[in-house]
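Reviewing the structure listed below.
The values are calculated or read from the model by the stated rules, or taken from the named source; none is laboratory data. These numbers were taken from a predicted model, which means no experiment stands behind them. So basically every Cβ, Gly included, is an ideal-geometry build from the backbone, and we count neighbours across all protein chains shown. Remember, those area values only see protein heavy atoms, side chains included, never the ligands or the DNA or RNA. Shrake-Rupley method; radii C 1.70, N 1.55, O 1.52, S 1.80 Å.
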Amino acid sequence: MKSLLYIGMFFVLIGCKQTDKSEASIESSDSQSEAVHPWAEKASYQNAPEVLKDWVDGRAGTGDPVHWVADGGVYEYPSGKKLFGMIGFDSSTVIWPDEPGEKIIHLTRKTFAYTDPDTGEVLTAYKGQPVTPIAYPYQMITYRLENDRIYGDVEQGVGDRVQTIKSEDGIPYRKMGSGYIFNASVFLDFPLPTGKQYQAWENYDFFFQPEGSVDEPHQMAWQRYGSLPPWAGMPDKKAIIQLHSWRVESHDEFPEKLLAWAKKEKPKWLNPPKDVAEVRALQQGEAGAGWGR
């Protein structure tokens, strides 16, 4: 389970900055709140605060699946030597509830592979040890806004390992020019089934700009400080993972190498879970290596 947690804490969201109500919507000539999509006529969407709609629309889309593709690297700390590359993506969709005040459901699948630092080829083995991609068949995130703070609780796992990671303090966000930056800095310290302690720091910065103002209005930067996966053979070494991610609307917009790998190795991950019923069925399965089968 240790390797699963490197990217799996993607939405443990903490802290929040209150923003002036007059700035609570990303300004554009075609407001996101007025966009025509499956949830636009629901009372829950119409009555949601603009900043909550901006966050959910940007992160999880407005009905049709969206994908966040990513690339980056793993660096030895403190030398800065690049040990591995990393590529991956998540596929997401959202379900707005029927009534105002109920939780918004974000359904996602995500997978990430380690790559050779020089050639960029996906690693399947390293120094005689198998390298398994990180692969989450699902994560179900529920959003709410309370006391001017966005919260996202993450449900994940299978069998008796299903757990809900509660958002304690909410997402920090601030207005920057015509857009927003949403930030989550996560400090992890908890026991593993092996008896060891899992400790890491992860930071997520999402940058959302008005639709049409730039070529790609949805971007994210992610960093992690913590231990390397066991197969790396460096149990006493710490490392930094750095990823840059951006949203695409279709598989045609994937980087070519990433799409080829996904079609061959992780075709299921090219689409999010279709509904909560699929999530409940997945929760009855078994966790494979890297939680990906």
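Here is a check on your reading of the model: is residue 189 over 18 Å from residue 110 (Cβ atoms) and either at pLDDT below 95 or assigned to a strand (DSSP E or B) (or both)? Write out each step before concluding.
On the way: over 18 Å from residue 110 (Cβ atoms): yes; either at pLDDT below 95 or assigned to a strand (DSSP E or B) (or both): yes.
Yes, satisfied.
Would you mind stating whether residue 104 is modelled with pLDDT of 95 or more, under 24 Å from residue 249 (Cα atoms) and open to solvent by less than 50 Å² (accessible area, probe 1.4 Å)?
Values: modelled with pLDDT of 95 or more: yes; under 24 Å from residue 249 (Cα atoms): yes; open to solvent by less than 50 Å² (accessible area, probe 1.4 Å): yes.
So residue 104 passes the test.
Count, please, the residues in the stretch 133-171 that happen to be in a loop (DSSP other than H, G, I, E, B), at pLDDT below 90, open to solvent by 30 Å² or more (accessible area, probe 1.4 Å) and not polar (S, T, N, Q). Full working, then the answer.
Going through the stretch 133-171, the residues in a loop (DSSP other than H, G, I, E, B) turn out to be 133, 147-148, 157-158, 162, 166-170.
After this cut, where a residue has to be at pLDDT below 90 as well, the list is 147-148, 166-170.
Then keep just the ones that are open to solvent by 30 Å² or more (accessible area, probe 1.4 Å); that gives 147-148, 166, 168-169.
Then drop every residue that is not not polar (S, T, N, Q), which leaves 148, 166, 168-169.
Of the residues in the stretch 133-171, 4 are in a loop (DSSP other than H, G, I, E, B), at pLDDT below 90, open to solvent by 30 Å² or more (accessible area, probe 1.4 Å) and not polar (S, T, N, Q).
Limited to the stretch 192-220, what total is found for residues that are assigned to a loop (DSSP other than H, G, I, E, B) and either open to solvent by 20 Å² or more (accessible area, probe 1.4 Å) or within 18 Å of residue 153 (Cα to Cα) (or both)?
Taking the stretch 192-220 as the starting set, the residues that turn out to be assigned to a loop (DSSP other than H, G, I, E, B) are 192-196, 209-217.
Next, only the ones that are either open to solvent by 20 Å² or more (accessible area, probe 1.4 Å) or within 18 Å of residue 153 (Cα to Cα) (or both) stay: 192-196, 209, 211-216.
Of the residues in that region, 12 qualify.
Return yes or no: is residue 121 free of Cβ contacts under 8 Å to residues at least 24 places away in the same chain, open to solvent by 30 Å² or more (accessible area, probe 1.4 Å) and touching a Ser or Thr at 6+ places or on another chain (Cβ under 8 Å)? First the steps, then the outcome.
Values: free of Cβ contacts under 8 Å to residues at least 24 places away in the same chain: yes; open to solvent by 30 Å² or more (accessible area, probe 1.4 Å): yes; touching a Ser or Thr at 6+ places or on another chain (Cβ under 8 Å): yes.
For residue 121, the condition - free of Cβ contacts under 8 Å to residues at least 24 places away in the same chain, open to solvent by 30 Å² or more (accessible area, probe 1.4 Å) and touching a Ser or Thr at 6+ places or on another chain (Cβ under 8 Å) - is met.
Would you pick out the residues in the stretch 263-293 that are under 17 Å from the mean Cα position of the chain (by Cα), of a type in the set (A, V, I, L, M, F, W, C) and at pLDDT 95 or above?
269, 270, 279
Residue by residue through the stretch 74-101, note down the ones that are touching a residue at least 60 places away in the same chain (Cβ under 8 Å), under 17 Å from the mean Cα position of the chain (by Cα) and open to solvent by less than 10 Å² (accessible area, probe 1.4 Å).
86, 88, 89, 90, 91, 92
Hey, could you check the stretch 221-241 for residues that are open to solvent by 30 Å² or more (accessible area, probe 1.4 Å), in contact with a Lys or Arg (Cβ under 9 Å, 6 or more places away or on another chain) and in a strand (DSSP E or B) and say which is nearest to residue 152 (Cα to Cα)?
Among residues in the stretch 221-241 that are open to solvent by 30 Å² or more (accessible area, probe 1.4 Å), in contact with a Lys or Arg (Cβ under 9 Å, 6 or more places away or on another chain) and in a strand (DSSP E or B), the one nearest to residue 152 (Cα to Cα) is 225.
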